[in-house]
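Engineer: Handing you this structure, nothing more for now.
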Amino acid sequence: MPTFIRPATKADEPALSRICLLTADAGVSAEGIHAYPELPGLIYALPYVNLPSTWAFLLADKPPGDGEHEDVVGYCIGSLDTRVFETVASERWWPSLQVQYGPLLEPDGLAEPPLKQADITYINTILNFTPASDAQIRFSPAHLHINVLPSHQSKGYGKQLIGRVIQYLKEQGTAGVWLQMDPRNVKAAGFYSRLGFGPVEGTLPSVVGITIEQWEEKWGKLGTEPSH
């Protein structure tokens, strides 16, 4: 089954949301811990096909002989300018979600279905989204999120996705990128370390980053042809 990477669009929202949910519990499915399964994607996936300064790439399988159908199995998404992303999200993304989900936390909110603890955590994130630290921005204005379904992990696809992103960032004149991982996800920490990501000075241990120069030193010079 051919596997390929392509840019994502707003039409890919269902696939992004699904993959986000299926990897949201430290890399494994969060289906069982949410009564509101849309919450992870609303915070960590869908903004990246709706807001300025963002980019998104999908990893997809295309079954042989089926010219139309594809199965999206992973993504790497992010923003070229995290401060712009945060500002625009505060104006155009969070307010409607705060109105929709905030009342569910009220003592007489009568949430139906009843909230689970993970839902409460995510709704609090919507109500009080934590901005990146100055140290993160000093390292790079760009950040990313990557998620690949378990069926396609440990096969080199994650490296291919990040490689495509690094190529894109170089074309945009961005010198590096960082991410913040779930500290419980030991497997992901090992993956990032093998790729060459390292600690970002002045930040939490869960924040790691890499420069374009460091990537090229480890994995070879990137081409100059634009990626598509």
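The values are calculated or read from the model by the stated rules, or taken from the named source; none is laboratory data. Note that this is a predicted model, so its numbers are computed, not measured. Because the Cβ atoms are built from the backbone with ideal geometry, glycine has one as well, and the counts that use them run over all protein chains shown. Please note that ligands, DNA and RNA were not included when accessible areas were found on the heavy atoms of the full protein model with its side chains. Shrake-Rupley method; radii C 1.70, N 1.55, O 1.52, S 1.80 Å.
Engineer: If you take the residues of the stretch 115-162 that are in contact with a Gly (Cβ under 9 Å, 6 or more places away or on another chain) and of a type in the set (S, T, N, Q), which of them is surrounded by the most Cβ atoms within 10 Å (Cβ to Cβ)?
Structural biologist: Looking at residues that are in contact with a Gly (Cβ under 9 Å, 6 or more places away or on another chain) and of a type in the set (S, T, N, Q), I get Asn147.
Engineer: Just to be sure before I move on: is Trp94 among the aromatic types (Phe, Trp, Tyr) and free of Cβ contacts under 8 Å to residues at least 40 places away in the same chain in the structure I sent?
Structural biologist: It is true that Trp94 is among the aromatic types (Phe, Trp, Tyr) and free of Cβ contacts under 8 Å to residues at least 40 places away in the same chain.
Engineer: Here's something else I'd like to know. Leu222 - would you say it is part of a loop (DSSP other than H, G, I, E, B), among the aliphatic types (A, V, I, L, M) and more than 22 Å from Leu58 (Cα to Cα)?
Structural biologist: It is false that Leu222 is part of a loop (DSSP other than H, G, I, E, B), among the aliphatic types (A, V, I, L, M) and more than 22 Å from Leu58 (Cα to Cα).
Engineer: All but one of (1) crowded, with 19+ Cβ neighbours inside 10 Å; (2) under 20 Å from His152 (Cα atoms); (3) of a type outside the set (Asp, Glu) hold for Pro47; which doesn't?
Structural biologist: (2)
Engineer: I need a count of the residues in the stretch 103-122 that are over 21 Å from Cys20 (Cβ atoms), part of a helix (DSSP H, G or I) and in contact with a helix residue (DSSP H, G or I) (Cβ under 7 Å, 6 or more places away or on another chain).
Structural biologist: Within the stretch 103-122, residues that are over 21 Å from Cys20 (Cβ atoms), part of a helix (DSSP H, G or I) and in contact with a helix residue (DSSP H, G or I) (Cβ under 7 Å, 6 or more places away or on another chain) number 1.
Engineer: Hey, another quick one. So which helices (runs of 4 or more DSSP H) stay within the stretch 1-95 end to end and still have 3 or more residues that are within 23 Å of Val165 (Cβ to Cβ) and within 11 Å of the chain's Cα centre (by Cα)?
Structural biologist: Because the criterion is at least 3 residues that are within 23 Å of Val165 (Cβ to Cβ) and within 11 Å of the chain's Cα centre (by Cα), the helices (runs of 4 or more DSSP H) in the stretch 1-95 that meet it are 13-22, 39-44.
Engineer: Can you give me the number of residues within the stretch 25-75 that are of a type in the set (A, V, I, L, M) and touching a residue at least 60 places away in the same chain (Cβ under 8 Å)?
Structural biologist: Number of matching residues: 12.
Engineer: I've got another one for you. Considering only the stretch 169-213, state which residues are free of Cβ contacts under 8 Å to residues at least 24 places away in the same chain and within 23 Å of Lys155 (Cα to Cα).
Structural biologist: Matches in the stretch 169-213: Pro183, Val186, Ala189, Gly190, Tyr192, Ser193, Arg194, Gly196, Phe197, Gly198.
Engineer: Confirm whether Pro107 is over 21 Å from Lys159 (Cα atoms) and touching a Gly at 6+ places or on another chain (Cβ under 6 Å).
Structural biologist: no
Engineer: Take the residues of the stretch 188-228 that are open to solvent by 90 Å² or more (accessible area, probe 1.4 Å) and at pLDDT below 95: which is nearest to Cys20 (Cα to Cα)?
Structural biologist: Residue satisfying both the conditions and the ranking: His228.
Engineer: Identify all residues within the stretch 123-179 that are modelled with pLDDT under 95, of a type in the set (Ser, Thr, Tyr) and outside any helix (DSSP H, G or I); write none if there are none.
Structural biologist: Answer for the stretch 123-179, where residues must be modelled with pLDDT under 95, of a type in the set (Ser, Thr, Tyr) and outside any helix (DSSP H, G or I): just Ser154.
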